[in-house]
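The values are calculated or read from the model by the stated rules, or taken from the named source; none is laboratory data. Quick caveat: nothing in here was measured; it's all calculated off a predicted structure. Cβ atoms come from the backbone with ideal geometry, glycine included; neighbour counts cover every protein chain shown. Areas reflect the complete protein model, heavy atoms only, side chains present, ligands, DNA and RNA absent. Shrake-Rupley method; radii C 1.70, N 1.55, O 1.52, S 1.80 Å.
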Amino acid sequence: MKLKVTCRNCREEFDLKKTYLTRPEMIDDLGEYFSYPCSHCATTSEYHVNDATAYSGGIASVVGIIAGILIMIISTLLFLSIGYISTIGYVIGLLIINASRGRSNTSNIRIFNSYKITRNPKT
Ligand SMILES: [Zn+2]
């Protein structure tokens, strides 16, 4: 999961360097209003935590998929050398791939995007 905001200057979306699971967690670190430089036009603008949108960044799922494939390959080699069919390795590999995709894609993103904080006037 990654967080993105739309630049106030060039209207391009860019990623925040850090990821937070919830908006309150984000406020604890950045504050309710935070200044952030755009990665496209380098203009630093001020944003509200509600401006951030969570989306599937793909890093977690890529790691999971690689781990799953590695387990498939290793178990295939392992089982081949002792003469067994490597079905178990494939099943475990697929389970890991599915688990990592599910975790990074659905619930956390939905929770983050549906939970907006009450916007306080800037102090
Ligand atoms: Zn920009």
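General remarks:
- Each residue of the stretch 21-32 is assigned a 3J(HN,Hα), and the resulting list reads 6, 9, 5, x, 5, 5, 5, 4, 8, 9, x, 5 Hz, derived from the Karplus form 6.51 cos²θ - 1.76 cosθ + 1.60 (θ = phi - 60°), x at Gly and Pro.
- Heavy-atom accessible surface of Leu70, to the nearest 10 Å², is about 90 Å², with a 1.4 Å probe and all protein chains retained.
- Each of Thr6 and Leu77 was given a label point 7 Å from its Cα along the Cα-to-Cβ line. The distance between the two points is 4.9 nm.
- A 1.4 Å probe over all protein chains sorts Ile96, Ile117 by accessible area into Ile96, Ile117, starting with the largest.
- Ranking Lys2, Lys17, Lys122 from most to least accessible surface, computed with a 1.4 Å probe over the protein chains only, gives Lys17, Lys122, Lys2.
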